Amino acid sequence: MDQTFQIRDFLQIFKKRIKFIITVPLLFALLAVIVNSFIIKPVYEARSDLLVNNTVPMTEETLTALDIETNLRLIETYHFIIQSDRIIDLVVEELDEPFTNNELQKKLRVETNDNSQIISLYVKENDLDTAVEIANLFATKSKEEISQLMNLENVNILTEAKVEKHKTPISPKLFFNTVISFIIGFLFACTYAFLSAYFNTKISSKEDIEKYLGLSFLGEVGIISKNRKNRLNSNKKEDLHSILTSRKGPMSTPVLEAYRSIRTNLQFQLMDKSLKTILVTSTSKNEGKTITCSNLAMMMAIDNKKTVVIDADLRKEKMGMSNGQIGLTHYLAGNRSVQDILLDTFTPNLQSITCGPIPPNPAELLSSERMDQLLQELKEHFDRIIIDSPPLFFSDAAILATKVDGCLLVVQSDTTKVTHIQQGLGQLTNVNATILGAIINKKKERKNDINYYHYGTR
């Protein structure tokens with residue numbers, strides 16, 4: 001499968017997922033605001049400054065390099081004293097809050113600038129008042145203890161910490177974190193959108209049909225109505241003849257237009273070929289091949305083509321079919337004639353053949369000469385013969401593919417994986433079947449999509 005992406009592909013993905021790509025970063029930013037404003041506790045930093053004076057009064061003429069070096073060494077010594085356990089223990093004793101020595105040591109940061117006589121004390125704390133109190137206590141206790149230890153009165157408090165100066169927390173940084181969260185959300189959304197598109201192996205568009213399957217795109221039909229959807233989700237498959245005879249009145253306009261478009265596209269495939277028998281199949285069950293069969297057959301009948309539709313899915317019991325109903329299996333068993341199994345419908349030019357009782361050996365019956373005889377006889381009386389077959393994972397579909405003029409593949413949108421479809425198509429190509437094209441079924445409605453059609457209301 002060719003997964004080469006071009007710039008055009010990325011632009012299409014971006015356009016298709018634009019709401020997701022915009023919404024995710026906004027949610028990330030909103031989450032950042034909530035977390036930073038209401039969950040993370042703010043951290044305040046209070047600062048007090050100490051000024052270290054010269055040990056003796058000096059003038060510019062008497063100041064020597066040795067004196068400067070001595071003062072700088074004193075500042076380094078004071079730096080160590082301020083962070084010592086001696087000072088920290090004194091501060092702990094003065095505080096009302098129960099801090100340990102280690103806790104307080106982690107909250108304190110002491111800085112000195114090169115060639116400066118100022119020592120700055122920084123204290124980080126979640127409570128601003130406590131941070132200010134601790135910073136001022138460190139300044140006071142440091143001044144007192146240095147004087148006692150060094151026998152020098154050369155340290156003074158230059159600046160006291162005040163609540164008014166430190167009202168803005170240093171952490172968290174709301175604006176910065178919000179911007180970073182938005183950027184991360186945007187990158188995440190783009191990465192997710194592009195990777196999900198790259199690794200998405202499900203068919204959802206005409207481009208997917210042509211690019212990954214190499215088939216002609218015949219059309220697409222939307223999601224079915226709720227009532228019919230409930231019936232199709234039943235454990236029993238709906239009987240094809242019941243679908244044809246339960247319809248009251250004409251199809252709704254969207255359905256009519258969808259299948260008219262499919263019929264028109266199919267006519268181009270049939271134009272230069274004497275194709276009468278068409279097999280409709282799918283990769284797996286519940287993809288909508290039976291409803292596609294019935295509607296396609298009706299459209300051909302409306303186009304004045306004498307049409308018969310055959311339910312050749314002999315694998316599953318059908319809803320709406322009585323046990324005594326005569327069908328395909330009766331003919332294949334040699335018990336009935338073609339005229340016996342043909343049933344009329346409400347649509348002019350359209351007849352149907354039900355599957356009949358479910359046999360124990362469907363593959364053997366479908367591969368028999370009686371099946372060949374049936375198709376040959378029907379060709380003499382009908383312009384179009386539409387056959388509903390089991391899914392491709394049964395051998396029945398490949399058997400029938402050898403007996404018909406062409407095959408149609410029904411693909412459920414955003415559900416059927418490309419690899420599974422390719423495996424099924426491999427079974428058809430192995431028997432040299434002619435594949436006319438693919439129809440996307442149960443297509444989800446998108447705004448501004450003029451090609452969208454659906455079965456009634458959703």
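Restricting to the stretch 164-180, name every residue that is of a type in the set (A, V, I, L, M, F, W, C), touching a helix residue (DSSP H, G or I) at 6+ places or on another chain (Cβ under 9 Å) and at pLDDT 95 or above.
The answer is Val179, Ile180.
Residue by residue through the stretch 364-390, note down the ones that are within 15 Å of Leu279 (Cβ to Cβ) and small (Gly, Ala, Ser).
Ser367, Ser389
Please tell me if Lys289 is at pLDDT below 70 and at negative phi.
Answer is no for this residue.
Could you figure out which of (1) of a type outside the set (Lys, Arg); (2) within 57 Å of the chain's Cα centre (by Cα); (3) at pLDDT 95 or above isn't true of Gln105?
Condition (3) is where Gln105 drops out.
Name the pairs: first residue in the stretch 98-113 and assigned to a loop (DSSP other than H, G, I, E, B), second residue surrounded by 13 or more Cβ atoms within 10 Å (Cβ to Cβ) and modelled with pLDDT of 90 or more, Cβ to Cβ under 6 Å, at least 6 apart or on different chains?
These pairs meet every condition: Phe99/Val92.
For a quick check of your reading of the model, give me the residue pairs whose first member lies in the stretch 377-397 and is within 13 Å of Lys289 (Cβ to Cβ), whose second is in a helix (DSSP H, G or I) and among the small types (Gly, Ala, Ser), with beta-carbon atoms closer than 6 Å and at least 6 apart or on different chains.
Ile386/Ala297; Ser389/Ala397; Pro390/Ala397; Leu392/Gly424; Asp396/Ala363
In the stretch 76-98, which residues are at pLDDT below 90 and either crowded, with 18+ Cβ neighbours inside 10 Å or among the charged types (D, E, K, R) (or both)?
Selection gives Glu76, Asp96, Glu97.
Does the stretch 342-356 hold any residues that are part of a loop (DSSP other than H, G, I, E, B) and not aromatic (Phe, Trp, Tyr), and which are they?
Leu342, Thr345, Thr347, Pro348, Asn349, Thr354, Cys355, Gly356
For Glu210, work out the one condition from (1) modelled with pLDDT of 90 or more; (2) outside the structural domain of Gln117 (by TED's automatic domain parsing); (3) surrounded by fewer than 18 Cβ atoms within 10 Å (Cβ to Cβ) it doesn't fulfil.
(1)
Return the residues of the stretch 114-132 that are touching a residue at least 60 places away in the same chain (Cβ under 8 Å) and not in a loop (DSSP other than H, G, I, E, B); say none if nothing qualifies.
Ile118, Ile119, Ser120, Leu121, Tyr122, Val123, Lys124, Glu125, Leu128, Ala131, Val132
Which residue, of Leu152, Leu158, is assigned by TED's automatic domain parsing to the domain that holds Ile81, over 18 Å from Gln83 (Cα atoms) and assigned to a strand (DSSP E or B)?
Leu158
Give me the pairs: first residue in the stretch 172-184 and among the aromatic types (Phe, Trp, Tyr), second residue surrounded by 16 or more Cβ atoms within 10 Å (Cβ to Cβ) and not in a loop (DSSP other than H, G, I, E, B), beta-carbon distance under 7 Å, and six or more apart or on different chains, which are they?
Phe182/Pro25; Phe182/Phe28; Phe182/Ala29
Determine, yes or no, whether Ile450 is surrounded by fewer than 17 Cβ atoms within 10 Å (Cβ to Cβ), under 28 Å from Arg260 (Cβ atoms) and either at pLDDT 90 or above or within 40 Å of the chain's Cα centre (by Cα) (or both).
Yes, satisfied.
For the subset of the stretch 238-265 comprising residues that are at pLDDT 70 or above and in contact with a Ser or Thr (Cβ under 9 Å, 6 or more places away or on another chain), which member is nearest to Thr345 (Cα to Cα)?
Among them, the one singled out is Tyr259.
Gly185 passes all but one of (1) part of a loop (DSSP other than H, G, I, E, B); (2) at pLDDT 90 or above; which number fails?
(1)
Quick grid of which residues meet (1) closer than 29 Å to Asn361 by Cβ; (2) within 27 Å of the chain's Cα centre (by Cα); (3) buried (at least 21 other Cβ atoms within 10 Å of the Cβ); (4) aliphatic (A, V, I, L, M):
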{"position": "Phe393", "(1), (2), (3), (4)": "yes, no, no, no"}
{"position": "Gly406", "(1), (2), (3), (4)": "yes, no, no, no"}
{"position": "Val410", "(1), (2), (3), (4)": "yes, yes, yes, yes"}
{"position": "Thr415", "(1), (2), (3), (4)": "no, yes, no, no"}
{"position": "Gln427", "(1), (2), (3), (4)": "yes, no, no, no"}
{"position": "Asn441", "(1), (2), (3), (4)": "no, yes, yes, no"}
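Looking only at the stretch 294-309, filter to residues that are aliphatic (A, V, I, L, M) and assigned to a helix (DSSP H, G or I); which one of those is nearest to Gly327 (Cα to Cα)?
It comes out as Ala297.
Inside the stretch 367-391, can you point out the residues that are in contact with a Leu (Cβ under 7 Å, 6 or more places away or on another chain) and surrounded by fewer than 16 Cβ atoms within 10 Å (Cβ to Cβ)?
Of everything in the stretch 367-391, just one residue is in contact with a Leu (Cβ under 7 Å, 6 or more places away or on another chain) and surrounded by fewer than 16 Cβ atoms within 10 Å (Cβ to Cβ), namely Arg370.
The values are calculated or read from the model by the stated rules, or taken from the named source; none is laboratory data. What you see is a predicted model; the values in this text were computed from it and never measured. No Cβ is skipped: glycine too gets one built from the backbone with ideal geometry, and neighbour counts run over all protein chains shown.
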